[in-house]
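The values are calculated or read from the model by the stated rules, or taken from the named source; none is laboratory data. The model shown is predicted, which means the values in this text are computed figures rather than measured ones. Note: ideal-geometry Cβ built from the backbone for every residue, glycine included; neighbour counts use all protein chains shown. The accessibility values were calculated without ligands, DNA or RNA, using every heavy atom of the protein model including side chains. Shrake-Rupley method; radii C 1.70, N 1.55, O 1.52, S 1.80 Å.
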Amino acid sequence: MAKKVIFSGIQPSGELHIGNYLGAIQNWLRMLDEYDCIFCIVDYHAITAPYDQKELPQRVYEAAVAYIASGLVPERCTVFVQSDVPEHVELEWLLGTVTPIGDLFRMTQYKDKAKDFAQGQSVASGLLCYPILQAADILLYKAHGVPVGEDQAQHLELTREIARNFNRRFGEVFPEPATMLSEARRILGLDGERKMSKSLGNHIGLTETPEQIWEKLRPAKTDPARVRRTDKGDPEKCNIFTSYHRFFTPAPDLERCAEGCRTAGIGCIDCKKVLFTHLRAALDPIRERADEIRGRRDYVLDALDQGARHCKEIAARTIAEVRAAMGMVPRR
Ligand code: TYM
C-alpha cells in the first residue's frame, strides 16, 4: 500500500533556529520511515514580508544545507524550493476563488505581520493571501498530514476549510489534511516572553558555534524569583527549563536540575551548563555536517533539483485535475 503523504515547510527568512528544529524538523525526522515526506523551502512565502533580494539566494541555500545537515537527506525524503514548482502559485489563484476574504483578515499571523510594515507603507496583498498559498502547498500534493508548531494551526484549519469549499463546489478532489502538532508546540525565545523567531532576534541558530550559543544562553532569563544563588526556584517558571532543558536534556540530568532548582542545590549558571552539554550533543553533529556540505554546492543543488522534478510531476497531475474540475478544459 502506498504510504501517506506528509508535507511541511519553513520560510527562508533568516537563519533556522532551535524553535524550528523542535517544533518542526525533529518531528519530521521521526516520520521519514512511515510516510512519503515532502519538505519545502517556501521562498514565495518569505517574500510577503519586507526582505533583501540580494540575500534571498543565500538564505534559500542555507536553509537547504540546514535541512540536509539535520538528516532530511534526499535518499529519505523530498526536499525542494517552492519557486522551482510554479504550480503552487497557480493553485493559490484557483483556491482564492473559494476563499472568503473575511477568513484571511481573521488570521492572527496576518494581523501580527501586518504590523511589521512601516507606518504609511501599505500592507502587501500577498501577505493577506499568504494562507491560500500555504493551502495550495499542501493540497497540491494531496497531503494527509502537516507536521508543524502551534503557530500554524490556524492556517491549517483554513486549509481544511478551503479544501471543503472546493470539494463542495467542484467535486471531491482534495483530502482534508490533518494537523500534526509537535510535542514542542511553542518554544519561547531567550527573552522568555515571545515565541522564538528569526525576526525577533531572540533565537539560538541551528548552526551557531558553541561559543555563540553560550554567549546567548549565559545571560538568558531564568525564574525571576531566583535573584540570588541561594534563592529556591520553580523550574516550571523558568523558560530555560520549560523551553529548552525539557526537550534537550535526558531524564536523569533533567530531574537533577529540576530538583536542584527547587532546593537551591544548583545555581542557574551550572544548570545552564548541563543544558549546554546536551544542546551541543544535539547541535554539534548538525553544525559539523552543515560545515561539510556547504561547500559541496553540486550535491546540495542536485538534491533540490531532484526534489523539484519529483514535485513537478505530482503538481502537474493535480493542476490538470483541478483545472478540469473547474471547467478549464483543453480546447484542442
Ligand atoms: P515558519 O517558517 O515560521 O516556521 C517553520 C516551522 O517551525 C515551527 N516553529 C516553531 N515551533 C515551535 N516553537 C517556535 N518558536 C517555532 N517557530 C517556528 C512552525 O510552526 C513551522 O512548523 N507558514 C509557515 C510555512 C509554510 C508551511 C506551508 C508550513 C508555508 N507553507 C505548508 C506547513 C505546510 C511558516 O511561516 O513557518
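When DSSP assigns beta bridges and you keep just the ones with both residues in the chain, what percent turn out antiparallel, to the nearest 5?
So the antiparallel bridges amount to about 10 percent of the total.
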**Asked** So who's got an amide H within less than 5 Å of the one on VAL79, skipping anything under 5 residues away but keeping other chains? H placed 1.01 Å off N, in plane.
**Response** PHE39, GLY307
**Prompt:** Using 19 Å as the cut-off for backbone N distance, which residues of the range 123-143 belong to the label zone defined by a point 7 Å from the Cα of LEU56 along Cα→Cβ?
**Reply:** 123-137
**Request:** Using the charge dipole of the chain (Lys, Arg: +1 at Cβ; Asp, Glu: -1 at Cβ; taken about the Cα centre), state which of LEU304, TYR110, LEU254 has its Cα farthest towards the positive end.
**Result:** TYR110
**Item:** the range 275-314 and the range 34-69: distance between their alpha carbon centers, rounded to Å
**Value:** 12
**Prompt:** How much length is gained if the chain between ARG296 and ILE101 is pulled fully straight, taking 0.36 nm per residue apart and subtracting their Cα-Cα distance, in nm to one decimal?
**Reply:** 65.7 nm
**Message:** Distance cut-off 24 Å, Cα to Cα: go down the list LYS54/LYS312; LYS3/LYS198; LYS115/LYS312; LYS195/LYS221 and report the pairs above it.
**Reply:** LYS54/LYS312; LYS3/LYS198; LYS115/LYS312
**Item:** Long-range amide H partners of GLY9 with built H, under 5 Å
**Value:** CYS40
**Asked** What 222 nm value per residue comes from the helices of the chain, counting each DSSP H run with n ≥ 4 as -39,500 (n - 2.57) and dividing by all residues, nearest 500 deg cm²/dmol?
**Response** -15000 deg cm²/dmol
**Item:** Separation of alpha-carbon centers, the range 124-140 and the range 166-222, rounded to whole Å
**Value:** 19
**Asked** Looking only at the range 265-308, which residues have a backbone nitrogen under 13 Å from a spot 7 Å from the Cα of ARG229 in the C-beta direction?
**Response** 265-271
**Asked** Highest mean first, what order results for 5-16, 265-276 on Cβ atoms within 10 Å?
**Response** 5-16, 265-276
**Complete:** Carbon/sulfur accessible area of the chain, % of total, 1.4 Å probe, equals 52
**Message:** So, for the chain, what is the accessible surface per residue at a probe of 1.4 Å, expressed in square angstrom?
**Reply:** 49
